[in-house]
Amino acid sequence: MGTLYLVSTPIGNLEDITLRALRVLRQVRLIAAEDTRRARLLLRRYEIETPVTSYFEGNKLVKLNAVLEALAAGDVALISEAGTPGLSDPGYELVRAAIASGYPVVPVPGPSAPIVALVASGLPTDHFVFLGFLPRRAAQRRALLERVRALPWTLVAFEAPHRLAEALADLASVLGEERALVLCREMTKQFEETWRGTIGQARARFANEAPRGEFTLVIAGAAPEGPWQPTEVRAALEERLAEGLSLAQAAQEVATLAGWSRKAVYRLALGESSRSGPADGG
């Protein structure tokens, strides 16, 4: 029985790969790669001759059984186009299938664009929320931003250059133009840039400048505003219940946003008194 190795590869500079990753890539029977062209550049650089098969968004379900069959015969490495596989790229389904079939799944740590951007941003790193790629459609993008608008934690997201201006417009509309923003572009590559300012300043910059390269956005969390009033909590609960969340899920999410205890939100949802909601323990 083989092992599925999740091997992190460079996000730009090909020197950013671990000795363990190179050893694993040499020893496995097969490498499943999101981008075979990028994979072969890396493998040629380090003179690795392991067979490569494509495993990307368009064929991941078709290729799933083939990769599992390869695992039955020996070890397989999964690599993404860049960085840590399984984060905003194909991999989740394969990991789940391997686990369900009884194969060991072993991560081989290394570069990860969200973490690299976060630690270089200068924004708080103790708590953060990774949003992946922002939705392509404006309505869905704004809906997501509304859900995280009041979170006090740093937000991290990916965005393509041709959608950056639209994304910044929605960030300004939902989060406000004064919210701190760090744009990390082409990290570890020749034209790497870390830009710091506000959402409004970023909009002004790219109003007359065409964005180039892949962007990672690091956005400051919401400033504390104190506990919500009961009417605000009721409205937020009703909105989330209407979206299909269970009462437990809705209560937990609203409690985090509102500065209330989960028990107090529950009582309010059940029509009980909320006289000391924000301060009640539990």
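Taken together, the values in this text are just the output of simple stated rules run on the coordinates, not laboratory data. Quick caveat: nothing in here was measured; it's all calculated off a predicted structure.
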Subject >> Global geometry of the range 4-111, whether rounded, prolate or oblate, following the gyration tensor of its Cα atoms and the 1.5 cut on a/c >> reply: prolate
Subject >> Percentage relative contact order, the range 31-78, counting C-alpha pairs under 8 Å, at least six apart >> reply: 50
Original post:
Computed over the Cα atoms, what is the radius of gyration of the chain divided by 2.2 N^0.38 Å, N being its residue count?
Top reply: 1.18
Subject >> the range 114-219: translational diffusion in µm²/s, Stokes-Einstein, Kirkwood Rh over Cα pairs, 37 °C, 0.692 mPa s >> reply: 241
Original post:
Counting pairs of alpha carbon atoms under 8 Å apart in space and at least six apart in sequence, what relative contact order in percent does the chain give?
Top reply: 16
